[in-house]
Amino acid sequence: MMLSRWLIFLPTLLSLTLTPWSARANTESQTNNCPAMLGLPILDRIQRHRIANGETVESIAAQYELKPETLIGMNPSLQSGLTPVGTSIRIPPVDGIEVRVQPGQNWNDLEAIYKIPAAAIFDNNGCLVSPPLVVFVPGVIWSRTNPEGSGTVSSVVDPTLNPVPGYPLPVEAEPILRFGYTRLNSGSGEPKFHSGIDYKAAIGTAVLAADQGVVVFAGDRGAYGNLIVINHAGGKQTRYAHLSEISVTLGEQVRQSQQIGRVGYSGNPDSTEPHLHFEVRATSEEGWVAENPEDFIRAQILGR
């Protein structure tokens, strides 16, 4: 597991993160013994929201700074696409999925399945010696492929074997917000997972396809704003968010470095400066798992 996949906590949590999870786990009993800064397990901090007239999954997700898929995965009643007024739904504090742990699985097994650091899963689920029956895996986006969340990864994308061969902007740009736990949730004040990288760029800058592939989404997507999603060979996907313009259509075949849109500030951006939010995801039975884009771009640079 490459070091860049490990969490980058805020400075106040850095000393906690540098302690290996296994060392912490070996000293804990089966209770919530996490340091106070980490708080209660994610599943103990679930809120309830009663759907009001006119609300949609997207509008509720934006209200809590979550992705719509997170709410759908946590609430099977939303999987029909309907939001009945008066329905009470579960709201987690961060994006991720709720999964059932198989007998004998440990924290390292969960890391291998979901490609999320064991330390992150451990810290978000009570810092227990062994995983409980149900855990919350941060950073994984739910999909309809396997809504029960009990399978294993069907394909793993290795950045060294399947890098991103192109770059999403005409010239190399400054990262202003990196992948991982890099910021505070503006509402709760707790660390929040950032599923991509924000590249500083002026509004109107051309956005380029980082690899050839097929457009599977092009339009408004709640907090993402104007979003383009492209599926690539080898179980890889890239996402381009907060655009001002979209130049491709659903189902279109695009080539590497083709202009697909322009930088904007639509949706609910995490960074205050104009930027391109860029993601790389790997397919799994649990959905499209967020990977560190810098691993994939670095791999193609080193491979030149």
Complete set of residues in segment 219-247 that are in a strand (DSSP E or B) and more than 26 Å from Ile72 (Cβ to Cβ): Ser244, Glu245
Given (1) crowded, with 19+ Cβ neighbours inside 10 Å; (2) among the hydroxyl-bearing types (Ser, Thr, Tyr); (3) modelled with pLDDT under 85, Ser80 misses just (1)
Hey, Thr17 at pLDDT below 90 and within 30 Å of Phe296 (Cβ to Cβ) or not: yes
Of (1) free of Cβ contacts under 8 Å to residues at least 12 places away in the same chain; (2) in a helix (DSSP H, G or I), Glu111 satisfies every one except (1)
Looking only at segment 286-304, which residues are part of a helix (DSSP H, G or I) and modelled with pLDDT of 50 or more? Pro293, Glu294, Asp295, Phe296, Ile297, Arg298, Gln300
Step by step: first the residues of segment 248-277, then only those that are part of a loop (DSSP other than H, G, I, E, B) and of a type in the set (D, E, K, R), then the one that is surrounded by the fewest Cβ atoms within 10 Å (Cβ to Cβ). Which residue is that? Arg255
Leu71 without any contact (Cβ under 8 Å) to a residue 40 or more places away in the chain, assigned to a helix (DSSP H, G or I) and buried (at least 16 other Cβ atoms within 10 Å of the Cβ): yes
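The values are calculated or read from the model by the stated rules, or taken from the named source; none is laboratory data. In this text the structure is predicted, and so the values were computed from the model without any measurement. Using ideal geometry, Cβ is built from the backbone for each residue, glycine included, and neighbour counts are taken over all protein chains shown.
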